[in-house]
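The values are calculated or read from the model by the stated rules, or taken from the named source; none is laboratory data. Only a predicted model underlies this, so the values are computations on that prediction, with no experimental measurement involved. Glycine also receives a Cβ, built like all others from the backbone with ideal geometry; neighbour counts cover every protein chain displayed. Heavy atoms of the whole protein, side chains included, go into the accessibility calculation; ligands, DNA and RNA do not. Shrake-Rupley method; radii C 1.70, N 1.55, O 1.52, S 1.80 Å.
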Amino acid sequence: AALDPVNAARPDFMRGVQCTDADGRVEFFTKWPGWYPNRTVHVHFTVQLASGPAATSQLYFPENLNDDVLAQPPYSNRGMQNRRNDNDPVLRSRDLDALQMTVIPTAIGYRAWHTIGIRS
């Protein structure tokens, strides 16, 4: 997904539903999320197969990028996050490799991706 820190001031909650393509892929555009007390920066997601229960989890960002983005307006108005990936109460350090997105800079922000395996 492309993450756009420039347009982050809009007061949206960034919720939506999308279906995957035939290869099980989905792409969306969003803003870099803010942080809230005692949590590191993260994105919630839910996967729902055509039949069966839904699975909900969270994806995380590399800390160096969180620091870079949160130091820019409008994020900098709030200050830096008070939790980091290594001491987040929900994210266990052993899970970080499995749940941290790959993020690269682009001309308009960042592009992030992650592969999630689902057994049905």
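Within region 27-62, the set of residues being in a loop (DSSP other than H, G, I, E, B), hydroxyl-bearing (Ser, Thr, Tyr) and open to solvent by 40 Å² or more (accessible area, probe 1.4 Å) comprises Tyr36, Ser51. Among the candidates Gly34, Gly24, the residue that is under 16 Å from the mean Cα position of the chain (by Cα), at pLDDT 80 or above and closer than 23 Å to Ile104 by Cα is uniquely Gly34. Residue selection: Asp97 satisfies the criterion of being exposed (fewer than 11 other Cβ atoms within 10 Å of the Cβ), at pLDDT below 85, under 26 Å from Ile118 (Cβ atoms) and not polar (S, T, N, Q). Here is the figure for region 101-120: residues that are surrounded by 10 or more Cβ atoms within 10 Å (Cβ to Cβ) and either touching a helix residue (DSSP H, G or I) at 6+ places or on another chain (Cβ under 8 Å) or assigned to a loop (DSSP other than H, G, I, E, B) (or both) total 9. Of all residues in region 66-85, those that are in a helix (DSSP H, G or I), in contact (Cβ under 8 Å) with a residue 12 or more places away in the chain and either open to solvent by 40 Å² or more (accessible area, probe 1.4 Å) or among the acidic types (Asp, Glu) (or both) total 1.
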